[in-house]
Amino acid sequence: MRSYLGTTLKAVAVLAATASFAAAEDVEVLHWWTSGGEAAALNVLKQDLEAQGVGWLDMPVAGGSGVQAMTVLRARVTSGNAPTAVQMLGFDVLDWAKEGALANLNDIAAEGGWDAVVPGPLQAFTKYDGTWIASPVNVHSTNWVWANKALLDELGIAQPTNWDEFIAALDTVKASGKVALAHGGQPWQDGTVFEAVLMATGGPEFYKAALIDLDPEALGSDTMKEVFDRMTILRGYYDDNFSGRDWNLASAMVINGDAAFQMMGDWAKGEFLNAGKVPDVDFLCFRFPGTQDQVTFNSDVFAMFKQGDTVSEGQAALAKAIMSPEFQVAFNKVKGSVPARTDVDGSELDACGQKAMAELKAANDSGNLFGSMAHGYAVPAAVKNAIFDVVTAQLNGEYDSETAVSELVSAVEISQ
Ligand code: GAL
């Protein structure tokens, strides 16, 4: 009897321990933050949650911009085994919300006053039919150039402010024997360059007409032909091994002084910081020449997949942690992005971060803030991928500019 009681008490103790563990609950997080800078930023989030007693089951799927992660997600959901929380971009979030797969975060959002602090252009992707369906962790922008300062100084190159100056700078670097433009030939990276070149060539109204409104006239215009011509010109400054290269390896070429410039979103800054580099001292960040007044943005958000009727405690803890003002600053300092809240003090951010915040605000105020096509904030994935196909084929010499323009018009039409 005594020993039976002893066993029972032990079992109760074990149960209690399990219960308190279960109350804190694990979250399984599917994400694509596997580069050095990305992983460092992810750690800030992981540690924040672990400090709250929430266990983190890591589900990393390597591949810039989440291309592979979204394929894995689809497979997991189809087999009835959706991860608890998933990093996502723009239109993908809306697509999953449409399918009814995402948990309703309205109570958490109301408690945290999210409506008042998340910028309007972002709420268009974090709310669906008036329901909060994702927590935004940052705002990135894509129309940046990253430069090795010592190399520019050595070659007497000033920061270029327009296309011609940029080309002159690239010529100087090329003549020195260094790689002028570090690039990774993957469709999403080609697309990232394409949208910046398009903005610089046609201006903000053209960007909106072509990449947001998908106006066939803009897509088929002479301006678009010039965009493709310029893509070919830029290709002439890539090294021979650019095909298939990951974006962070291209960043490393600039960090190490093997290359002068990289055109990439500000997650690239995370790589520079992770390598101990300092903005304005070791590297420069500036808008793609000709897009100084415009910002093309994207934001990483976390959506919670429905596990039952309500959000689980782990999901609620994650959604809340992401939106904490202190966390937003701590995380974005490492990630290269800026906070997704309008009410946080950005003074702790480095020089590039301060610039990013000020330019984002100015672009929003002047009507020059646009969703990034290449990063899911301008058009649904099917259209984005159709555009990528044409851009990559043209870049690789399969189409001349004129053919690329007509292919673009038909690819976009078919994909809608
Ligand atoms: C972007 C994402 C960034 C960064 C980048 C490269 O789409 O917003 O957080 O991860 O892809 O992977």
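The values are calculated or read from the model by the stated rules, or taken from the named source; none is laboratory data. Worth saying up front: this structure is predicted, and the values here are computed from it rather than measured. Using ideal geometry, Cβ is built from the backbone for each residue, glycine included, and neighbour counts are taken over all protein chains shown. Heavy atoms of the whole protein, side chains included, go into the accessibility calculation; ligands, DNA and RNA do not. Shrake-Rupley method; radii C 1.70, N 1.55, O 1.52, S 1.80 Å.
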**Q.** Only listed residue being aliphatic (A, V, I, L, M) and either open to solvent by 60 Å² or more (accessible area, probe 1.4 Å) or free of Cβ contacts under 8 Å to residues at least 40 places away in the same chain (or both), chosen from 180, 168, 147
**A.** 168
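Per-residue answers, yes or no, for (1) of a type in the set (A, V, I, L, M, F, W, C); (2) farther than 24 Å from residue 65 by Cα:
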position: 365; (1), (2): no, yes
position: 376; (1), (2): no, no
position: 385; (1), (2): no, no
position: 390; (1), (2): yes, no
position: 396; (1), (2): no, no
position: 405; (1), (2): yes, yes
position: 408; (1), (2): yes, no
position: 412; (1), (2): yes, no
position: 415; (1), (2): no, no
(Q) Would you confirm whether or not the range 179-188 contains a residue that is within 20 Å of the chain's Cα centre (by Cα), at negative phi and assigned to a helix (DSSP H, G or I)? (A) yes
Q: Please specify each residue of the range 361-395 satisfying the condition of being within 15 Å of the ligand (Cβ to nearest atom) and over 18 Å from the mean Cα position of the chain (by Cα).
A: none
(Q) Here is a check on your reading of the model: is residue 339 within 16 Å of the ligand (Cβ to nearest atom), touching a helix residue (DSSP H, G or I) at 6+ places or on another chain (Cβ under 8 Å) and not assigned by TED's automatic domain parsing to the domain that holds residue 38? (A) no
Q.
Could you tell me how many of the residues in the range 263-288 are surrounded by 20 or more Cβ atoms within 10 Å (Cβ to Cβ) and part of a loop (DSSP other than H, G, I, E, B)?
A. 5
Q: Count, please, the residues in the range 238-262 that happen to be part of a loop (DSSP other than H, G, I, E, B) and on the phi < 0 side of the Ramachandran plot.
A: 9
(Q) Tell me whether the range 207-222 contains one or more residues that are basic (Lys, Arg) and either within 25 Å of the chain's Cα centre (by Cα) or crowded, with 21+ Cβ neighbours inside 10 Å (or both). (A) yes
**Q.** Residue within the range 112-130 that is within 16 Å of the ligand (Cβ to nearest atom) and more than 22 Å from residue 352 (Cβ to Cβ) present
**A.** yes
Q. So which residues in the range 362-408 are in a helix (DSSP H, G or I), out of contact with any strand residue (DSSP E or B) (no Cβ under 9 Å at 6 or more places or on another chain) and open to solvent by 40 Å² or more (accessible area, probe 1.4 Å)?
A. 365, 382, 385, 389, 402, 403, 406, 407
Q. Which ones in the range 393-416 are under 30 Å from residue 136 (Cα atoms) and touching a residue at least 60 places away in the same chain (Cβ under 8 Å)?
A. 412, 416
Q: Taking the options 316, 303, name whichever one is out of contact with any Phe, Trp or Tyr (no Cβ under 6 Å at 6 or more places or on another chain), under 16 Å from residue 106 (Cα atoms) and within 16 Å of the ligand (Cβ to nearest atom).
A: 303
Q: Taking the residues in the range 80-93 that are among the aliphatic types (A, V, I, L, M) and more than 18 Å from residue 372 (Cα to Cα) as candidates, determine which candidate is surrounded by the fewest Cβ atoms within 10 Å (Cβ to Cβ).
A: 82
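A quick yes/no check of all residues on (1) more than 20 Å from the chain's Cα centre (by Cα); (2) in contact (Cβ under 8 Å) with a residue 24 or more places away in the chain; (3) surrounded by fewer than 18 Cβ atoms within 10 Å (Cβ to Cβ):
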site	(1), (2), (3)
57	yes, yes, yes
66	no, yes, no
78	yes, no, yes
114	yes, yes, no
125	no, yes, no
142	no, yes, no
154	yes, no, yes
Q. Yes or no: residue 355 basic (Lys, Arg), within 20 Å of the chain's Cα centre (by Cα) and surrounded by fewer than 22 Cβ atoms within 10 Å (Cβ to Cβ)?
A. yes
Q) When residue 358 is evaluated against the numbered criteria (1) among the hydrophobic types (A, V, I, L, M, F, W, C); (2) more than 19 Å from residue 109 (Cα to Cα); (3) within 16 Å of the ligand (Cβ to nearest atom), which criterion, by number, is the only one it fails? A) (3)
Q) Among (1) of a type in the set (Gly, Ala, Ser); (2) under 25 Å from residue 158 (Cα atoms); (3) open to solvent by less than 50 Å² (accessible area, probe 1.4 Å), which single condition is residue 314 missing? A) (2)
**Q.** Cβ pairs under 6 Å, 6+ apart, first in the range 329-346 and polar (S, T, N, Q), second open to solvent by 20 Å² or more (accessible area, probe 1.4 Å)
**A.** 342/119
